[in-house]
């Protein structure tokens with residue numbers, strides 16, 4: 001049976017797979033499991049800007065209230081904003097309604113514990129096991145029903161973000177692509193208060209335009225804007241602002257690998273890189289691995305997904321980790337990936353070292369990396385297909401030991417991802433294409 005919770009909460013097409021009825025039951029069960037036996041329990045709820053978030057929020061909140069738990073309603077806020085405010089407001093749990101960088105028709109629900117961290121698998125499993133028994137859970141009446149409170153705490157989060165940097169950004173021109181998402185009223189405000197000249201793009205969410213031709217999954221947009229406005233750098237967030245991709249003044253992309261490398265080197269130089277290591281995923285570029293090795297910085301390698309990065313960071317007592325996609329975690333500041341916080345740390349390093357982003361990105365040389373996503377009906381089936389396994393062996397032979405091949409299923413979508421990396425881009429493209437064709441023929445949707 002497919003697990004209800006993926007690597008980043010529950011995801012699905014809103015009103016088809018992720019229905020109001022489901023959200024109501026999930027609210028009931030989640031609130032019951034996370035606040036059981038706690039008098040006066042409170043849960044923080046936030047959402048992104050997609051049109052279905054209001055619908056799902058109404059149902060989810062009703063479910064929470066129906067088991068006697070109060071709700072602190074934040075409105076539109078980023079995923080890391082929910083994590084931070086859950087802990088800051090001393091709530092028992094937090095819930096974010098968002099599908100991150102996914103299309104507008106999708107949505108998702110993810111939970112945080114009272115400590116601001118994502119739930120352990122065992123807790124998610126307990127919630128999932130009770131979903132079919134939601135009607136058997138307590139139904140308090142009268143004065144014991146939960147209350148709904150509007151919680152205007154966004155300014156608290158903004159002040160927290162500003163407090164994570166030591167320098168002002170006067171004289172810097174920054175282009176911000178807010179993806180018509182949750183960062184639209186946070187990122188521009190924070191950068192302007194720190195003195196930067198801000199050109200803010202995609203800050204007019206209408207419920208249907210989140211991530212559409214903008215944001216961290218469309219970096220070419222901010223690349224063009226940086227060149228057009230002759231800015232010092234650009235920063236592109238995704239819909240729920242838990243990731244960021246940067247662009248230097250020449251339009252060169254600075255992805256999560258570069259950002260981790262830049263921040264690791266800076267923390268290392270200040271003696272603040274705990275245990276002299278970082279956490280990164282199997283998708284991290286070979287160039288990143290070599291750069292860390294050259295500087296004597298260890299890398300704990302994890303499966304793809306910021307929850308696995310976080311697990312490694314906590315297990316090995318690390319303060320920095322992340323993904324190539326731009327999910328970066330600064331555990332000395334917060335409990336989850338935060339795109340705006342990451343952007344602030346990056347610009348703070350530029351100012352502190354008096355270097356441009358072009359200079360800072362020289363910390364590593366990126367190997368060519370080709371990635372192709374194949375939409376499939378069953379994303380686990382590639383492992384059982386003899387023909388696909390033969391294609392993988394042929395791909396390995398094509399690389400000839402001078403690179404690497406990685407095939408994995410997406411944690412949030414019905415996709416199989418094929419990635420090859422090495423010095424010869426033409427060979428990589430041929431390798432990935434041949435494998436993707438076979439996967440599509442065998443199990444493609």
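Side notes on the structure shown:
- Computed FRET value (nearest 0.05) for residue 384 with residue 7, which takes r as the C-beta separation and R₀ as 22 Å: 0.55
- Sequence ranges 416-427, 384-395, ranked by mean other-Cβ count within 10 angstrom, highest first: 416-427, 384-395
- Relative to one another, the C-alpha centroids of region 350-389 and region 194-216 are positioned 24 Å apart.
- Mean Cβ neighbour count within 10 Å, used as a protection proxy, ranking 16-26, 134-144 highest first: 16-26, 134-144
- Peptide ranges 301-314, 241-254 listed from the most packed, as the mean C-beta count within 10 angstrom indicates: 241-254, 301-314
- Antiparallel bridges, percent of DSSP beta bridges restricted to the chain (to nearest 5): 55 percent
- DSSP bridge analysis restricted to region 95-223 gives an antiparallel fraction near 45%, rounded to the nearest 5.
- Measuring between their Cα centroids, region 5-45 and region 302-337 lie 24 Å from each other.
- From helices alone, the chain scores -11500 deg cm²/dmol at 222 nm; the rule is -39500 (n - 2.57) for each run of n ≥ 4 DSSP H residues, then divide by the residue total.
- Note on region 40-151: antiparallel DSSP beta bridges, both residues inside, total approximately 30 percent of the bridges counted.
- Whole-number D in µm² s⁻¹ for the chain, Kirkwood Cα-pair radius fed into Stokes-Einstein, 10 °C, 1.306 mPa s: 70 µm²/s
Bear in mind these aren't lab numbers, they're just calculated from the coordinates by the rules spelled out. Keep in mind that this is a model prediction, so the values were computed, not measured. Neighbour counts are summed over all protein chains in view; Cβ atoms, including those assigned to glycine, are modelled from backbone coordinates with ideal geometry.
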